[in-house]
1. Calculate, for Ala184 and Gln279, the FRET efficiency according to 1/(1 + (r/R0)^6) with r their C-beta to C-beta distance and R0 45 Å; round to the nearest 0.05.
2. Can you give the net charge of the other residues whose Cβ lies under 14 Å from the Cβ of Ser429, counting K and R as +1 and D and E as -1?
3. Give me the net charge of Ser133's neighbourhood, meaning all other residues with Cβ under 15 Å from the Cβ of Ser133; Lys, Arg count +1, Asp, Glu -1.
4. What share of all Cα pairs of the stretch 101-152, in percent, falls into each consecutive 10 Å distance bin?
5. At 0.36 nm per residue, minus the direct Cα-Cα distance, what do Ser226 and Asp371 gain on full extension? Give it in nm, one decimal, please.
6. Compute the distance in nm between two label points, each set 7 Å from the Cα along the Cα-to-Cβ direction, one at Arg151 and one at Ser115.
7. Can you tell me the FRET efficiency between Asp320 and Ala66 if r is taken as the Cβ-Cβ distance and R0 is 56 Å, rounded to the nearest 0.05?
8. Considering the options Gly398, Ala388, Leu415, tell which one lies farthest towards the positive end of the dipole of the stretch 383-437, charges being +1 on Lys and Arg and -1 on Asp and Glu at the Cβ, about the Cα centre.
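Where a number appears in this text, it was derived from the coordinates with a stated rule and is not lab data. These numbers come from a predicted model, not from an experiment. Neighbour counts run over all protein chains shown; Cβ positions are idealised from the backbone, glycine included.
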Amino acid sequence: MPKHGKDQETRVIQLKDYQEKHAGWQESQARYEYEDPLEEDGLPPPAAGEAAKRERRAVPKAVYAASLALVAVAVGLGLWINRDFLTWTNLREWARLQVLGEEGGDGFPVDITGSTVYGSNFLAYNGAAVMLSDTALTMVGDQGKEALSLRHDLNQPVLKAASGQFLIYNSGSTGYTVLSGAEAAASGVAEQDIITGAIAANGRFALGLAGEYGASRLQVFLEDASLQYEYAFSNDYVTAIALNHDASRGAVCTVRSDKGEMVSRLTLFDFSQPEPTAQYETRGNLLLAAGWSENGVVYAVGDAALVSGRASDGEFTEYDYQGRQLTAFQLAANRAFLSISAYDHAGSSTLMVLNGGEPYGEGNPLRVEMDRRVESISVFGGTAAMLAGGEAVFCDYGTGQELARADAGTDAKSLALSSESRAYVLGVSEVRVIELN
């Protein structure tokens with residue numbers, strides 16, 4: 001049979017000594033009922049002083065049960081009284097305040113930094129509005145709070161973006177900067193004037209550089225701005241560049257003159273090989289932009305026709321605009337979103353959603369007729385939004401069904417969706433928000 005007596009008292013003394021050394025420690029006020037193991041062992045009960053201490057710590061279990069019941073009733077009553085306020089929006093706002101605090105910003109509209117922001121330098125990323133003005137790159141959160149302001153001295157700034165990676169360069173000059181989110185990742189000075197550029201989701205980027213007598217050059221860089229690949233075009237002038245997700249492959253649009261006729265070329269590269277893997281020529285069609293979709297379809301947007309095809313087979317087709325003017329475009333969601341119009345400056349237009357991974361024909365492209373000229377297109381999820389005549393028009397690009405319209409302001413120049421029901425609008429001097437109910 002185990003022995004107690006002195007051994008039991010020694011342990012108690014050691015615990016009290018420990019408590020005295022840690023003055024901040026306080027004995028718990030909770031009390032417990034228990035059976036005395038000394039009585040089970042047949043030993044005499046504890047001394048009167050020790051028994052009194054145990055008695056003071058003893059609390060009936062009924063007290064705990066009653067306390068828990070009262071707490072449950074109070075919580076339930078509170079939820080019932082405030083049931084009308086327990087919406088998803090209010091809960092989300094409460095969670096945001098717990099994480100970010102109350103200093104979320106002063107809301108919208110928000111003045112732009114600088115004097116001018118071009119529509120091509122305005123986009124949405126991770127819920128924030130991103131804009132490159134003539135003086136700064138600025139990010140503004142969804143509550144109107146400025147998250148980033150990076151000053152620059154570029155006289156013709158251009159912004160390219162991919163999955164939170166940003167490339168800023170000076171068109172017609174040599175300076176460039178790469179940002180990963182809000183952090184500067186690399187910067188440098190190109191060997192020749194920059195014509196155009198592109199950036200991939202992993203931070204690698206490419207520049208098209210001007211040469212002499214219509215020549216140009218492609219340079220591809222790693223994340224730290226070290227040169228990965230280089231290719232010279234002896235007679236062609238680079239107009240656009242696209243990279244796949246990891247910048248292991250790319251597409252370059254160029255233009256040249258052939259006996260007075262304009263000839264544009266789309267050239268595909270595998271940057272592990274010294275020479276191009278495929279080429280396609282289109283005549284009388286200036287290629288303005290290029291995109292490499294996640295499904296491997298490459299698009300080149302021309303002023304007279306769209307060129308598209310799968311990079312894996314190198315076969316391309318053209319979709320002709322039939323003499324109508326291109327008013328706006330967006331390459332997103334593995335598709336090309338084009339607005340074309342039969343009128344020079346106003347009038348109706350047609351939004352065309354083209355899936356280059358499927359044959360063109362009935363249902364491809366999908367068409368959405370607009371009663372006004374579309375000036376800007378943005379895509380998020382399954383929604384496409386168009387800026388037309390001071391209105392933002394939301395539609396389901398899978399069916400063409402119009403979802404909603406909202407006033408964008410008479411000075412609206414561009415819009416950028418941050419969700420399927422929320423858009424940032426770029427005005428002449430400010431950024432506004434449209435939120436659908």
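1. That gives a FRET efficiency of 0.80.
2. Residues near Ser429 contribute -2 overall.
3. Taking every other residue near Ser133 into account, the sum is -3.
4. The calculated distribution, bin by bin, is 27, 56, 15, 1.
5. Full extension of this stretch gives 47.3 nm more.
6. With each label placed 7 Å out from Cα toward Cβ, I get 1.7 nm.
7. That pair, Asp320 with Ala66, gives E of 0.10.
8. Positive-most Cα among the choices belongs to Leu415.
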